[in-house]
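S.K.: Quick one: the structure is below, and I'll ask about it shortly.
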Amino acid sequence: MPGMNGLDGLAQVIAANDGGAVALMSGNVTRETVESAISSGATGFVPKTLGAKSLVQAIRFMAAGEIYAPFQFMSQASEDQNSGLFSARELSVLRGVCEGKANKVIAFELGVQEVTIKAHVKSICRKLDARNRTHAAMIARDRGIITI
């Protein structure tokens, strides 16, 4: 439904589906949002990164009347818990990384040297167990640490 954000249209979609299963599919949603959607009547949550075979199984599971949400996703810490892992400066750097900004641009915006940003990115990657800055951005968005 065009123009709907978040869970605004969930009740309308559920009603329009005449009692059929309705699931969320997203690449950028928090655990809390999924929990709210399920308690509002959604049949589950399917991350965009779910593999094809797992997707088929998830659909079958939900079509059978069960609620589906990947265990790994649902067992992640909440946004507040994750945010506590990072200093305010690291969160600023992580936001810049998630926005696709280069280290040089982030450094300029924060008024620090680029080498400082590189150190923060390295620390962020270590804390998130990320392979690189792109992976860190994906993890941060998936966990709801940074929402853009």
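S.K.: Which FRET efficiency value, to the nearest 0.05, do you get for ARG60 and GLU32 by plugging their Cβ-Cβ distance into 1/(1 + (r/R0)^6) with R0 = 25 Å?
M.R.: The formula returns an efficiency of 0.40 here.
S.K.: Just to confirm the number: angle between the C-alpha axis of helix 114-128 and the first principal axis of the chain, 0 to 90 degrees, nearest 10?
M.R.: Computed tilt is about 40 degrees.
S.K.: Helix-only mean residue ellipticity at 222 nm, the chain, DSSP H runs n ≥ 4 weighted -39,500 (n - 2.57), per residue, nearest 500. What is it?
M.R.: Calculated at 222 nm, the ellipticity per residue is -15500 deg cm²/dmol.
S.K.: Helix 88-98 against the longest principal axis of the chain: what's the angle in degrees, Cα atoms only, rounded to the nearest 10?
M.R.: With both axes taken from Cα atoms, the answer is about 60 degrees.
S.K.: About the Cα centre, and with charges only on the beta carbon of Lys, Arg (+1) and Asp, Glu (-1), how big is the dipole of the chain? Nearest 20 debye, please.
M.R.: 780
S.K.: Roughly how many debye, to the nearest 20, is the charge dipole of region 10-74 about its Cα centre, given +1 on each Lys and Arg Cβ, -1 on each Asp and Glu Cβ, and no other charges? Can you show the working numbers first?
M.R.: Working: 4 positive and 4 negative charges, 53 e Å.
The calculated dipole for region 10-74 is roughly 260 debye.
Each value in this text was obtained by applying a stated rule to the coordinates, not by laboratory testing. Since the model is a prediction, treat every value here as computed from it, not as a measurement. As a convention, Cβ positions derive from the backbone with ideal geometry for all residues, glycine included, and neighbour counts pool all protein chains shown.
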